[in-house]
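Notes to accompany the following structure.
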Amino acid sequence: MRKSIRWLLIIIVCLILIALGIWYYEYSRYHPNTADAYLAARVVQPAPLVAGRIVEVLVHNHERVHSGTFLYRIDPTPFRIAVARARAAFNQAQQTVQALEADLHAQSANVRFAHAIFTNDRLNAKRAENLLHEGYGTRQAYDNAIAALKSATARLHLAQAELAAARQKLGQPGPKNQLIRIARANLDEALWRLKQTRVDATCDGTITTANLHPGDMATPGVSPFVIVCNSRWWVNANFKETDLSHIRIGDAAKVDVAMYPNHTFQGVVASISPAAGTAFSLLPPENATGNWVKVTQRIPIRITILDPSPSFPLRVGASVNVTVEVNHPLKVHGIR
């Protein structure tokens, strides 16, 4: 009797273990999990666009800033001088164009004056010719009229040539003139460069790796620190390729951050990489050898965190554990 009870207990225990194994297999199949995951956020490097000596620094390392916060200033003195020089050149260009326009008007008046003389001399020559043919005029008067007409014609052609030269020298009148447009562009550039001496934050976040002091030299394109933006957080999770058969974009996910063991964040699968993590490594694996061993690859997946909380501040690079709930899609707009 005891032996039968013992075997019955053994069978029951085995059935329970088998049921638990089947349940765990099915659960892990539809709840893929990975600890190869790390927090990430948008990182901004507020690099200056002009070179110069830094004269003012208003932020410190690990300080929270808002978009538009004044971070530091580059010495604006040489840029103000450049603006004054460009503005003077712009005014000079305007005066030059006005002088050219006045010269154009004067040349136009000369053309009208020469044309009036030419018209009068042409009529005089015609009358002298008629009088000569009718016998009332002299040859000398006719020759003088023809000479005056030729002289008036030459003066008219000269005035027309000078008008064309003045028009060509001026180009487009008013603000469309090339001299004014070039001077305007130089002034705008000088004003833009002066504006770049003030560097502001472009997002809400936290300053990190700051090592900036008045007197340091700013180099264009080289940022003296980094801003970790806190508007959006996500997880870069590396899942085994065997787990991807059921994961879809939009599936819900649970994110457990190592620094907050008693708090779970809600996430959603935002994107799935088209390549394994080793595909674009500096030294990709070469398997054309006789000692090849199959290794399960990892596929990067981005999971957007939907409920970041100020009570549980997140840190870039922190370790997390991610569990995807397959076949539980979330209707979230702009999850990327």
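Net charge within 15 Å of Gly171 by Cβ-Cβ distance, Lys/Arg positive one each and Asp/Glu negative one each, not counting Gly171 itself? It works out to a net charge of +3. Along each principal axis, taking the top coordinate minus the bottom one, the Cα set of segment 160-220 gives 71, 26, 13 Å in descending order. Extending 7 Å from Cα along the Cβ direction at Asn144 and again at Arg64 yields two label points whose distance is 10.2 nm. The long axis of helix 2-30 is offset from the longest Cα principal axis of the chain by roughly 0 degrees. Multiplying the residue separation of Thr209 and His133 by 0.36 nm and removing their Cα-Cα distance gives an extension gain of 16.9 nm. Of all aspartates and glutamates in the structure, those lying under 19 Å Cα to Cα from Lys150, and not within fewer than 8 positions of it along the same chain, are Asp121, Glu129, Glu162. Working from Cα pairs under 8 Å separated by at least six residues, relative contact order for segment 145-291 is 11 percent. In terms of other Cβ atoms within 10 Å, Glu241, Glu325 run from fewest to most in the order Glu241, Glu325. Give, to the nearest whole percent, the P(r) tail of segment 78-193 beyond 23 angstrom, counting all Cα pairs. That tail contains 55 percent of the Cα-Cα pairs.
Length available on full extension from Glu189 to Arg122: 0.36 nm per residue minus the Cα-Cα distance, which gives 18.4 nm. Counted over segment 187-257 with a bin width of 10 Å, the fraction of Cα pairs per bin, in whole percents, is 12, 29, 22, 17, 14, 6, 0. Within the same chain, aspartates and glutamates fewer than 8 places from Lys254 are excluded, and of the rest, those with a Cα less than 12 Å from its Cα are Asp307, Glu325. Given R0 = 30 Å, the distance between the Cβ atoms of Ser231 and Ala258 translates into a calculated FRET efficiency of 0.85.
Each Lys and Arg Cβ is given +1 and each Asp and Glu Cβ -1; about its Cα centre, segment 167-227 then shows a dipole of about 720 debye. What residue among Leu158, Pro220, Leu191 has its Cα farthest toward the positive end of the dipole of segment 143-277, where the charges are +1 on Lys, Arg and -1 on Asp, Glu, each on the Cβ? Of the listed residues, the answer is Leu158.
Remark: spin-label model distance Thr296-Gln45 equals 3.7 nm, labels positioned 7 Å along the Cα→Cβ axis. Taking R0 as 45 Å, what FRET efficiency do you get between Ala35 and Ile5 from their Cβ-Cβ distance, rounded to the nearest 0.05? My answer for the efficiency is 0.55.
Mean separation of Cα pairs under 8 Å and 6 or more residues apart, divided by the residue count, gives segment 78-193 a relative contact order of 48 percent.
Principal-axis analysis of the Cα atoms of the chain puts helix 178-195 at an angle of about 30° to the longest axis. Full extension of the segment from Arg80 to Asn327, taken as 0.36 nm per residue of separation minus the current Cα-Cα distance, would add 82.7 nm.
For percent of Cα pairs over 38 Å apart, the value computed from the atomic coordinates appears in the list (i) 59; (ii) 10; (iii) 19 under label (i).
Read-outs: derived from the displayed coordinates by stated rules, not from any lab. What you see is a predicted model, and the numbers here were worked out from it, not measured in a lab. Cβ sites come from the backbone with ideal geometry, for glycine too, and all protein chains shown count toward neighbours.
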